[in-house]
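Colleague: Sharing a structure below in structure tokens format, with a few things to ask.
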Amino acid sequence: MKINEIAAVRVRYGYKRIYVLLRREGWEVNHKRVYRIYCEEGLNLRAKRPKRRVSAAHRVKLPPAASVNESWSMDFVTDSLFNGRRFRSLTVVDNYSRECLAIEVGQHIRGEDVTRTMDRLKTVRGIPHSIKVDNGPEFISKELDKWAYENSVTLDYSRPGKPIDNAFIESFNGSFRDECLNTNWFLSLEDAEEKIEAWRRDYNECRPHSSLDNLTPVQYRQIHRGQERPNSLVLAVPTLG
């Protein structure tokens, strides 16, 4: 039952990763037994990812975030400089306050870069209870998995092909592309970092958000300052920068 439970949530985990998770939770079981049960239950990963409608049945709808730092979301957005050189932006959003906590810009952003961003956010904003991510290689990396385990953070993976599972970050990325990426001409990575950071601050501090009664994300967080996740190590820093 436990193996099926893990496989239902982490649909792209093979038996080896499931074995590691079982051992973390204190299950005294060896990898051979996990593999045998894994096969008997028909959980073998296929070389080709299953159709979207197949994995969709596994997901259980989770309640929305009820406090600051309860749930964050992360995703990547790709764009290009004036000369066609591609770059990526890692976006991080608090699902309760809708505040953009960070936008990291780089030509290549790997798993270790994601963990460095999380460590930086940890010092100024604390740590969330969970982080909603997709099944990209940066988010299923050993580096991020280790960081999440050490900080008691749950990585909540969305179903492949189901962006609605991570609706807040998808909505934010749409605004980010429409209001920033599509309206700016980036001459270099440094120029992109400067313009994107300026837009992030404006989004947090000035832009009214319809789902927050037209408050800005910073105003909304300050009003609900007492509803932050307990023991989240939050410091008195109003915005990241």
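Colleague: Can you pull out the residues in region 64-123 that are over 22 Å from Q222 (Cβ atoms) and of a type in the set (D, E, K, R)?
Modeller: Of everything in region 64-123, those that are over 22 Å from Q222 (Cβ atoms) and of a type in the set (D, E, K, R) turn out to be D75, D79, R85, R86, R88, E104, R110, E112, D113, R116, D119.
Colleague: Taking the condition of being basic (K, R) and under 25 Å from T78 (Cβ atoms), how many residues in region 124-162 meet it?
Modeller: Looking only at region 124-162, we keep the residues that are basic (K, R), and these are 125, 132, 142, 146, 159, 162.
Still in the running and under 25 Å from T78 (Cβ atoms): 132, 142, 159, 162.
Going through region 124-162 one residue at a time, the tally reaches 4.
Colleague: Moving to a separate point now. Here are some conditions: (1) open to solvent by less than 10 Å² (accessible area, probe 1.4 Å); (2) part of a helix (DSSP H, G or I). A167 meets all but one. Which one does it not meet?
Modeller: Single failed check for A167: (1).
Colleague: Within region 11-22, how many residues turn out to be at pLDDT below 85 and either open to solvent by 40 Å² or more (accessible area, probe 1.4 Å) or more than 17 Å from D145 (Cβ to Cβ) (or both)?
Modeller: Residues flagged as at pLDDT below 85 and either open to solvent by 40 Å² or more (accessible area, probe 1.4 Å) or more than 17 Å from D145 (Cβ to Cβ) (or both) within region 11-22 amount to 4.
Colleague: Further question on the same structure: Residues in region 189-241 that are in a loop (DSSP other than H, G, I, E, B) and at pLDDT 70 or above: how many? Before the answer, list the steps.
Modeller: The initial filter retains those residues of region 189-241 that are in a loop (DSSP other than H, G, I, E, B), namely 206-208, 213-214, 216, 224, 229-241.
Subset that is at pLDDT 70 or above: 206-208, 213-214, 216, 224.
Within region 189-241, residues that are in a loop (DSSP other than H, G, I, E, B) and at pLDDT 70 or above number 7.
Colleague: Based on what the data block shows, is L181 within 13 Å of E99 (Cα to Cα), surrounded by 15 or more Cβ atoms within 10 Å (Cβ to Cβ) and at pLDDT 80 or above? Don't jump to the end; show me each part of the working.
Modeller: Working: within 13 Å of E99 (Cα to Cα): no; surrounded by 15 or more Cβ atoms within 10 Å (Cβ to Cβ): yes; at pLDDT 80 or above: yes.
Against the criterion (within 13 Å of E99 (Cα to Cα), surrounded by 15 or more Cβ atoms within 10 Å (Cβ to Cβ) and at pLDDT 80 or above), L181 does not qualify.
Colleague: Which residues, counting only those in region 71-87, are under 15 Å from the mean Cα position of the chain (by Cα) and surrounded by fewer than 20 Cβ atoms within 10 Å (Cβ to Cβ)? First the steps, then the outcome.
Modeller: So the first thing to find is which residues in region 71-87 are under 15 Å from the mean Cα position of the chain (by Cα), and the list is 71-77.
If the condition is that a residue be under 15 Å from the mean Cα position of the chain (by Cα) and surrounded by fewer than 20 Cβ atoms within 10 Å (Cβ to Cβ), then F76 is the only one that fits.
Colleague: List pairs: first residue in region 24-43 and closer than 15 Å to A8 by Cα and acidic (D, E), second residue open to solvent by less than 90 Å² (accessible area, probe 1.4 Å) and not in a loop (DSSP other than H, G, I, E, B) anywhere in the structure, Cβ distance under 9 angstrom, at least six positions apart or on different chains.
Modeller: E41/I3; E41/N4; E41/A7
Colleague: Open to solvent by less than 60 Å² (accessible area, probe 1.4 Å), on the phi < 0 side of the Ramachandran plot, at pLDDT 65 or above and in a helix (DSSP H, G or I): does that describe Y38? Give the steps one after another, and end with the answer.
Modeller: Working: open to solvent by less than 60 Å² (accessible area, probe 1.4 Å): yes; on the phi < 0 side of the Ramachandran plot: yes; at pLDDT 65 or above: yes; in a helix (DSSP H, G or I): yes.
Here the answer is yes, as Y38 does meet what is asked.
Colleague: So, one more: Among (1) farther than 21 Å from T78 by Cβ; (2) free of Cβ contacts under 8 Å to residues at least 24 places away in the same chain; (3) crowded, with 17+ Cβ neighbours inside 10 Å; (4) charged (D, E, K, R), which single condition is K195 missing?
Modeller: Against the list (1) farther than 21 Å from T78 by Cβ; (2) free of Cβ contacts under 8 Å to residues at least 24 places away in the same chain; (3) crowded, with 17+ Cβ neighbours inside 10 Å; (4) charged (D, E, K, R), K195 comes up short only on (1).
The values are calculated or read from the model by the stated rules, or taken from the named source; none is laboratory data. On a predicted model such as this, the values are computed, not experimentally measured, just so you know. Using ideal geometry, Cβ is built from the backbone for each residue, glycine included, and neighbour counts are taken over all protein chains shown. In case anyone asks, the SASA skips ligands and DNA or RNA and just uses the protein heavy atoms, side chains included. Shrake-Rupley method; radii C 1.70, N 1.55, O 1.52, S 1.80 Å.
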